[in-house]
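S.K.: Sending over a structure as structure tokens; questions will come in a sec.
The values are calculated or read from the model by the stated rules, or taken from the named source; none is laboratory data. Note that the structure is a prediction, hence the values are computed from the model and not measured. Using ideal geometry, Cβ is built from the backbone for each residue, glycine included, and neighbour counts are taken over all protein chains shown. Just so you know, the surface numbers come from the protein's heavy atoms only, side chains and all, with ligands and any DNA or RNA stripped out. Shrake-Rupley method; radii C 1.70, N 1.55, O 1.52, S 1.80 Å.
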Amino acid sequence: MCVGPGTRHDEPVPRIRALIRRRRHTLVLAIVVVLLGVGITATTAAVGAQRQAQVADELCTADSLAAHWHAGSLFLDARSARTGKTILTHRGDEPTQTGSTMKVVTAAAAVSALGPDHRFTTSVVDGGEPGTVVLVGGGDPTLSRLPSGQDSVYPHAPHLDDLAEQVLAARGGQPVTAVQVDTHLFDGPAWHPSWPESARTSGSVSNITALMVDGDRDDPTESYSMRSDGAVARAATAFAALHGPDVRVDTTSVAVASGAKVLGSVRSATVSELVGMLLTDSDDTLAEVLARHVAIAEGAGRSFDAVQAGSTKALVRYGVPTAAVRLVDGSGLSPDNRVPASALTTLMRTVAAKQDGLAPVDAGLAVAGRTGTLGEHGRFTGAAADARGHVRGKTGTLDDMYGLTGVTDEVAGDRVVFTVFAEGTSDPDARQEIDALAAALWRCGGHASAARG
């Protein structure tokens with residue numbers, strides 16, 4: 001090929017070199033932009049983390065409240081409901097009195113040992129003698145002497161008049177002349193020696209017997225109506241009266257003959273329903289009866305002495321540490337009960353997750369400022385008013401302590417489960433201090449991890 005004058009063989013080279021230089025500049029610029037972006041992102045993240053920590057510090061005031069506690073001695077354990085990580089603790093592993101927070105233990109044990117659909121049966125069998133029948137106690141304190149269709153403090157309770165009609169029909173209209181009782185299902189003393197007599201006269205608790213009506217209340221429609229010292233006699237007399245004024249009553253427990261003819265039976269509401277009543281209304285008698293049924297189901301015995309073995313066996317299934325747990329009764333009425341706050345919080349975490357069949361226990365918790373014992377005594381007012389409806393739990397009160405175990409609503413992706421006891425104080429203002437701490441834990445929620453770095 002011929003090349004004319006003035007033509008250069010290397011003319012494309014400068015263009016290539018210029019292109020390379022432009023691309024190099026573009027690459028450098030891109031790298032700079034990326035690095036600037038990373039720096040901005042890192043700075044933004046740092047600022048975000050700093051702000052999150054600042055928000056957490058503003059919201060998470062529980063530390064300060066615990067540090068400046070006034071109401072007696074503080075026992076506290078608070079944890080993330082999601083991870084179980086400790087948020088705040090103060091003497092949380094030390095066993096202490098529980099008051100009625102014990103009812104969460106009893107309710108959970110009942111669901112575990114008995115099952116949520118279990119019912120208790122009261123029956124009447126032939127007594128073997130002409131005109132004699134035996135009223136067999138099945139450990140149902142909700143059995144009512146009110147006419148069917150009229151509710152006592154226990155909704156959906158079985159009624160004695162239903163049972164009496166079944167007996168009359170089964171006997172072909174033959175009259176009943178004598179009523180005996182079989183109360184052997186429960187054993188031991190009916191009244192725990194550590195309970196104050198005022199608990200009976202104030203209407204808190206009855207004698208714990210396998211046969212009673214309306215929780216042995218003088219007034220079946222009043223929760224805190226005085227109880228008697230003759231629960232079995234009240235039930236047997238009320239049943240006999242349905243068969244006529246001259247029916248003889250014998251309250252000495254008799255053993256029902258094997259194969260005795262069943263003349264009638266009625267059943268309680270389910271354990272699930274009873275647990276709800278127990279927790280929301282803080283019913284001591286119902287708690288004690290359920291604890292006794294748990295002990296029987298677990299093969300531990302039939303008396304107060306069996307509550308420890310029966311309920312702790314059920315608790316182990318929920319992963320609750322029981323080495324430091326001492327259970328004297330099922331209601332928490334005894335000042336001799338001892339449970340660490342950490343053990344109750346561990347159980348509450350399982351309850352709040354509705355695991356292992358514990359949804360009925362969760363559903364029975366009172367709501368702050370609205371229901372049950374959290375809707376009384378000015379609970380969750382003042383500085384804690386914003387937490388109304390956002391904390392659920394079970395309260396506990398004795399002459400020298402106040403307590404609350406519960407769970408908060410979710411904030412910042414997490415809920416808080418907690419137990420707090422104010423021990424060694426009879427000042428009712430302790431309730432407000434507990435409420436303020438519970439409200440602070442609710443506001444903190446998922447911010448707790450940021451507040452602790």
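Conditions tested, residue by residue: (1) free of Cβ contacts under 8 Å to residues at least 60 places away in the same chain; (2) open to solvent by 20 Å² or more (accessible area, probe 1.4 Å); (3) in contact with an Asp or Glu (Cβ under 7 Å, 6 or more places away or on another chain).
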site: Met212; (1), (2), (3): no, no, no
site: Arg217; (1), (2), (3): no, no, no
site: Arg227; (1), (2), (3): yes, no, yes
site: Pro245; (1), (2), (3): yes, yes, no
site: Thr251; (1), (2), (3): no, yes, no
site: Ser258; (1), (2), (3): yes, yes, no
site: Lys261; (1), (2), (3): no, yes, yes
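S.K.: For Lys354, only one of the following conditions fails: (1) assigned to a loop (DSSP other than H, G, I, E, B); (2) in contact (Cβ under 8 Å) with a residue 12 or more places away in the chain. What is its number?
M.R.: (2)
S.K.: Now for a separate question. Could you please find all residues in region 64-103 being more than 21 Å from the chain's Cα centre (by Cα), in a loop (DSSP other than H, G, I, E, B) and among the small types (Gly, Ala, Ser)?
M.R.: Residues satisfying the conditions are Ala71, Gly72.
S.K.: When you scan region 264-317, how many residues do you find that are touching a helix residue (DSSP H, G or I) at 6+ places or on another chain (Cβ under 7 Å) and in a strand (DSSP E or B)?
M.R.: Looking only at that region, the number is 2.
S.K.: Then there is this: Can Asp427 be described as over 27 Å from Thr285 (Cβ atoms), touching a residue at least 60 places away in the same chain (Cβ under 8 Å), part of a loop (DSSP other than H, G, I, E, B) and of a type in the set (Asp, Glu)?
M.R.: yes
S.K.: If you don't mind, there's one more thing I want to ask. Please verify whether Glu376 is of a type in the set (Asp, Glu) and over 25 Å from Asp427 (Cβ atoms), treating the condition exactly as stated.
M.R.: no
S.K.: Okay, moving on. Mind telling me which of the residues Thr312, Thr381, Thr419 ends up being hydroxyl-bearing (Ser, Thr, Tyr), crowded, with 16+ Cβ neighbours inside 10 Å and either touching a strand residue (DSSP E or B) at 6+ places or on another chain (Cβ under 7 Å) or under 22 Å from Thr61 (Cβ atoms) (or both)?
M.R.: Thr419
S.K.: Being in contact (Cβ under 8 Å) with a residue 24 or more places away in the chain, under 17 Å from Gly99 (Cα atoms) and small (Gly, Ala, Ser), is that true of even one residue in region 435-452?
M.R.: Checked against the condition, which is being in contact (Cβ under 8 Å) with a residue 24 or more places away in the chain, under 17 Å from Gly99 (Cα atoms) and small (Gly, Ala, Ser), region 435-452 yields no hits at all.
S.K.: Among the residues in region 157-165, are any open to solvent by 10 Å² or more (accessible area, probe 1.4 Å), part of a loop (DSSP other than H, G, I, E, B) and charged (D, E, K, R)?
M.R.: no
S.K.: Which members of region 354-378 meet the condition of being open to solvent by 50 Å² or more (accessible area, probe 1.4 Å) and either under 30 Å from Trp195 (Cα atoms) or in contact with an Asp or Glu (Cβ under 9 Å, 6 or more places away or on another chain) (or both)?
M.R.: Lys354, Ala363, Arg370, Thr371, Glu376, His377
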